[in-house]
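Below is one structure; the comments refer to it alone.
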């Protein structure tokens, strides 16, 4: 048996080649697309840079306002709340004493320590530490503490210049000890 093998190549289909005219049209369309994309990006950049500048101005205004007196008052108030919360947490059984004592602390003085102990007779000693804005505030605070009900004696231990922390004003740091009779601890 014989087989016929056709060794000739099949007809090659004509490949379409890009002509100069179609290449030119394609290049122009590509150039127009790139220009439109560039103009779109340029337009968006100018639009967003204007709103970015407005936002930057607003941020700087808010930062200036945050560095003002109102912010300092807020930070001071938050510090006082934190100190009061720590005092109450550390000495929950003294909460009524801390509440009564708060009426004898002027706003220019910030208490940093409030501790105390009772003795066998029911009387006790309250140790306080704090920071006064100036010597005048410290003297007014000591005079006010002398009027605390059921106070037997007030011992002013020491005072010195406080360096303060970053962003906070310095003041006069002081320590005092109040000896109170047993009726001061009754609710």
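General remarks:
- Between residue 183 and residue 127, the distance separating the two model label sites (each 7 Å from Cα on the Cα→Cβ line) works out to 2.8 nm.
- Orientation-averaged projection of the stretch 93-185 equals 6.0 nm² [convex hull of Cα atoms, one quarter of hull surface area].
- Ranking of 30, 138, 144, 111 by count of other Cβ atoms within 10 Å, fewest first: 30, 144, 111, 138
- The length gained on full extension between residue 53 and residue 25, counted as 0.36 nm times the residue separation minus their Cα-Cα distance, comes to 5.9 nm.
- The ranking of 65, 140 from fewest to most other beta carbons within 10 Å of each one's beta carbon is 65, 140.
- Spin-label pair residue 83/residue 4, simplified geometry with 7 Å Cα→Cβ offset, distance in nm: 11.3
Just so you know, all these numbers are worked out from the coordinates, no wet-lab data involved. Computed from a predicted model, the values in this text were never measured in an experiment. Positions of Cβ are backbone-derived with ideal geometry, glycine not excepted, and every protein chain shown enters the neighbour counts.
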